């Protein structure tokens, strides 16, 4: 049995994922009657094994590594442990490097962090997820000294801060993209092209990068963009299917997809990534300038633009095709996926585009010739588990397809049980609805999301 102390931004689902257990396991081990947690609460984790990096190559000599010294300025809420986790080192290493006699820190104090650079040889194993940075919320983001200002027109020089190594492999090319983050740390994003295992591959030169960022956003900030704790947990579940906050996919018809729910760039599938960038520019303009404008990426209305190598302005799908083919530009998006303020905009956009439309979807049932209209899905379906599955399906297949699926499944179940009124429909077992979707769906993406909500141990009891 492992013990875990709850920190700001934790949910039962995020803790369960961290230790490879289910939410139901955590509830049972701690006698929890609700999903509410408090900071400092100690949880018992049954048989929990925290996610760790994959084992190193056991054959041959280890790749050579070098150590880089990163300068880090202590922010409010930082501890030696949180900083050590952020950079993947130990507390003792930081103490020795900075000649610290105790663990006391002052806001504004400068620390030298020795970080091992990534090996230059290709690494075939999946990229380990680094510990999530501990965000320090602030009302208005201030400029960070770790990113040098770039004058207008110097966008090509700004792109060179993202260095790329290419390693030919059997049937594909592997890329290592070095990305300096706004908090002063540096990460290496490992990705590959020619995703032949996907039936959706359209661009062989496009890449797959599942991402590494798992930033925890404090609950008060999540609620400020219109999400409840349960809805935020639902989006966290969705990210297990779509990707982490910095995930990128540029091999299918979306041309370029990004983030925890894979916002899409191309106009045909909806262009939701354009709206996300517009949100970022509106709500956190300083961060948007630091991350995107400095490398020549902008958004006008809901249309993304980019400057090409010759200074020509490309717009819409032409802009996304240019970004898709220029790996260094991926660095801007990956950097955005590690910044708490820009990650919060992913949650805001996901709420506006998918969560609220799912809850507000109109449903029409036909039960043995009797038509039943439900003005709002959220008034009929209230459990954490089924709502999570439906939000995941809506994000992947669209709100219209999701609502038609729900109406079809619930109509069938109602007819088999002799239910003929709206009130009777509310009594349907929501786990049974989700399991029926998983058992009858012909689209594996729908099936996986419905079954995933069940397997995750989510709560299918109706909200009181």
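With contacts taken as Cα pairs under 8 Å at a separation of at least 6 residues, the stretch 269-312 carries a relative contact order of 35 percent.
Output the peptides 206-216, 429-439 sorted from most to least packed, where packing is the average of other Cβ atoms within 10 Å over each peptide's residues.
Top of the packing list down: 206-216, 429-439.
Using C-alpha pairs below 8 Å separated by at least 6 residues, the relative contact order for the stretch 173-288 is 18 percent. A protection proxy built from the mean count of other Cβ atoms within 10 Å ranks the segments 272-278, 419-425, 253-259, most packed first, as 253-259, 272-278, 419-425.
Among 283, 320, the ranking by other beta carbons within 10 Å of each residue's beta carbon, starting with the fewest, stands as 283, 320. Solvent-free Debye calculation, one equal scatterer per alpha-carbon of the stretch 360-455: log10 I(q)/I(0) at 0.10, 0.17, 0.24 Å⁻¹ equals -0.22, -0.66, -1.35. The relative contact order of the stretch 360-455 comes to 31 percent, based on Cα pairs under 8 Å that sit 6 or more residues apart.
Coordinate-derived values only; no laboratory data. It should be emphasised that the depicted structure is a prediction, and the values quoted were computed from it without experimental measurement. Reconstructed Cβ throughout: ideal geometry from the backbone, glycine too, with neighbour counts over all protein chains shown.
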